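The values are calculated or read from the model by the stated rules, or taken from the named source; none is laboratory data. Just so it is clear, the model here is predicted, and its values are computed rather than measured. Reconstructed Cβ throughout: ideal geometry from the backbone, glycine too, with neighbour counts over all protein chains shown. Quick note on the areas: whole protein, heavy atoms, side chains included, nothing else; ligands and nucleic acids left out. Shrake-Rupley method; radii C 1.70, N 1.55, O 1.52, S 1.80 Å.
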Amino acid sequence: MLTSTSDKHWYRLGLALTALTVWELSTSNSAEAATFTVGDFTWDQANSVSTVEIIQGSMDWDAAFTTPFGQGFTEFAPSQTVGQLLGHNPNPNVSSSVPFPDSNGNLIVPNQDRATIKLTWNNLLLPNLAGDDFVIYESGNPDAPEGFSVSVLKYGESEFRTRRYEFADSFDNNHLVFGTAFNLDDFGLESGDLISAIAIGNLFNSEAVTGADLVDDPSGEGNLLSPGDSEGYSILTGPLGSNPEYATNKLDADIVYAVGLHDVVASSPKSVPEPTSILGLLVGVALGVGLIRKREQKD
């Protein structure tokens, strides 16, 4: 039986802490249920991009296709794949991709026509933390990756950072995708910096009509040089590719999915405390109330 006002306050605070703990556990379980591993990378679906738009050139809509990406995953949302976000959704329950300019296309030609897509998390931002920060999945077959460039838009800036090309890190046989992870440090960002968007574009090989894309590192991956700069190095397919340089028919990358490897945040993350912070605050209040009660009892 509650015999004093302080007892009642203590009881109500206990109920609040219990309720908050239950809520936090339920949200943690929900996040865990949306966590997947593809091609050696584990990520939460909540951190996948939510908008995609074409900002340069054209995509090969005639070659758009559905993919097995995400099949077998409970609660996976194909609506967040790049093809569906672009508007290709013949089957809303299946992932899809719209290729970059294809060697067999009639209207757009690799090595001649540039195309770029912009991907965002709507009003959320991806922070630069330790290690790799995001992964891009490209549909393909073993030993046959298709090259693409990536640049990022730092929060508060108006121009995308230098384009980069990197070798694919892994191939997932279940989902038929290459996974390529990117570290924001490589784009010149400092720890804690935020990005608001990613840009993905097609590449030109040495047979390009208007000049090949070259990188600044002899390994065959790295920052892309400015158009017309002939002092760089050829783009190579890397250890997962069967040929040193990309053939013309391997410049039509089929981007399927892009996702952060850690949590995206609001532009003013301090404005809304994290659940753990709220819980810590209430625990602190509870301890304070306990100390006050002890002092009252001693007095």
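What to note about this one:
- When nucleic acids and ligands are ignored and a 1.4 Å probe is applied, Glu166 ends up with an accessible area of around 30 Å².
- Net length gained if the chain between Ser79 and Glu245 were fully extended (0.36 nm per residue, minus Cα distance): 56.4 nm
- Around Asn243: net Lys/Arg minus Asp/Glu count, Cβ-Cβ under 14 Å: -3
- Charge dipole of the range 202-248 about the Cα centre (unit charges at C-beta), most positive-ward option of Thr210, Ser242, Ser226: Ser242
- Our estimate of slack between Ser158 and Ser267, defined as 0.36 nm per intervening residue step minus the Cα-Cα distance, is 37.7 nm.
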